[in-house]
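Okay, structure first, notes after.
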Amino acid sequence: MRDDDYPDSVTAALLGESHYDRLRATRHGLFKQPIHTKLRWQSVLLFGLALLLPLMAVFPADVRALLPVTGAPKVVVLGLVGGTVVLVGGIVLTTVGVLRVRLEGRMTERQADTLLNVEEVASLLGIGTGGMGILLTLLFTSIGLGGVELVEAYVQTMGRSPFAATGVEWLSVNSVATLAFVGSVALFTASQYLRVELLVRLQNAVSD
């Protein structure tokens with residue numbers, strides 16, 4: 001069971017002894033979900049970025065011919081930036097989650113307020129900004145599935161090709177997809193760890 005599974009979790013938080021839960025319940029924000037839930041979302045976003053490799057592998061032959069022989073196409077740079085923001089945001093959220101668990105019972109209101117401020121910024125950047133970058137990357141990449149005619153139509157409209165070479169030789173689709181997959185697994189693992197830690201804390205609170 002998770003803390004967001006309780007039907008009256010807001011009331012429980014307001015009446016509880018946790019400064020973190022009480023301040024969190026009274027705050028207004030776009031991402032008010034538990035940290036482990038937001039980490040799962042970020043894990044899914046990174047897994048989506050890892051799908052760049054199989055997506056490009058099934059491009060029609062005439063579209064694959066447009067891809068650079070070495071390096072990565074420009075669309076991958078957008079994905080790399082978005083994925084990096086998501087991963088960094090996830091690392092920060094994991095840190096906040098660990099501190100929340102470790103300080104529970106002795107956390108001051110000031111510490112709780114600081115952790116919530118950091119969590120909010122990390123959520124907005126990691127899910128909002130980074131997530132948008134990954135979704136746009138997948139959108140632009142999917143143009144290649146429509147064939148060379150669709151790619152040419154896009155180039156005529158926008159004046160640039162998402163599959164043009166970046167000129168960065170060390171960057172590749174394989175490396176970005178691999179890093180995204182590893183990051184996805186890491187954030188999912190962190191999500192499960194924090195979920196279990198939170199469950200144990202709730203069970204201890206009930207038994208007390």
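The values are calculated or read from the model by the stated rules, or taken from the named source; none is laboratory data. Computed from a predicted model, the values in this text were never measured in an experiment. For neighbour counting, all protein chains shown are included, and Cβ atoms are generated from backbone atoms with ideal geometry for every residue, glycine included. Ligands, DNA and RNA are stripped out before the accessible areas are found, and what is left, the full protein with its side chains, is counted by its heavy atoms. Shrake-Rupley method; radii C 1.70, N 1.55, O 1.52, S 1.80 Å.
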message: I want to confirm something. Restricting to segment 165-174 and keeping residues that are at pLDDT below 90, among the hydrophobic types (A, V, I, L, M, F, W, C) and open to solvent by less than 50 Å² (accessible area, probe 1.4 Å), which single residue is nearest to Val76 (Cα to Cα)?
response: Leu171
statement: Of those in segment 35-63 that are over 18 Å from Gly130 (Cα atoms) and in contact (Cβ under 8 Å) with a residue 60 or more places away in the chain, the residue farthest from the chain's Cα centre (by Cα) is Asp62
task: Kindly list, by first and then second residue, each pair from a residue in segment 169-188 that is under 8 Å from Ala50 (Cα atoms) and among the aromatic types (Phe, Trp, Tyr) to a residue that is at pLDDT 95 or above and surrounded by 17 or more Cβ atoms within 10 Å (Cβ to Cβ), limited to pairs with Cβ atoms under 9 Å and residues at least 6 apart or on different chains.
output: Phe181/Leu46; Phe181/Phe47; Phe181/Leu49; Phe181/Ala50
- prompt: Taking the stated definitions as given, is Arg195 over 21 Å from the mean Cα position of the chain (by Cα), open to solvent by 50 Å² or more (accessible area, probe 1.4 Å) and basic (Lys, Arg)?
  reply: no
query: What single numbered condition from (1) under 19 Å from His19 (Cβ atoms); (2) in a helix (DSSP H, G or I) fails to hold for Gly105?
result: (2)
- line: Taking segment 117-164 and keeping only residues that are at positive phi and either open to solvent by 60 Å² or more (accessible area, probe 1.4 Å) or at pLDDT 95 or above (or both), one is left with Gly159
Checklist (1) touching a residue at least 12 places away in the same chain (Cβ under 8 Å); (2) in a helix (DSSP H, G or I) applied to Val155, failing item: (1)
statement: Every listed condition ((1) out of contact with any Ser or Thr (no Cβ under 7 Å at 6 or more places or on another chain); (2) crowded, with 16+ Cβ neighbours inside 10 Å) holds for Thr108 save (2)
Lone qualifier among Leu135, Leu125, Leu115 - being in contact (Cβ under 8 Å) with a residue 12 or more places away in the chain and within 30 Å of Ala65 (Cβ to Cβ): Leu135
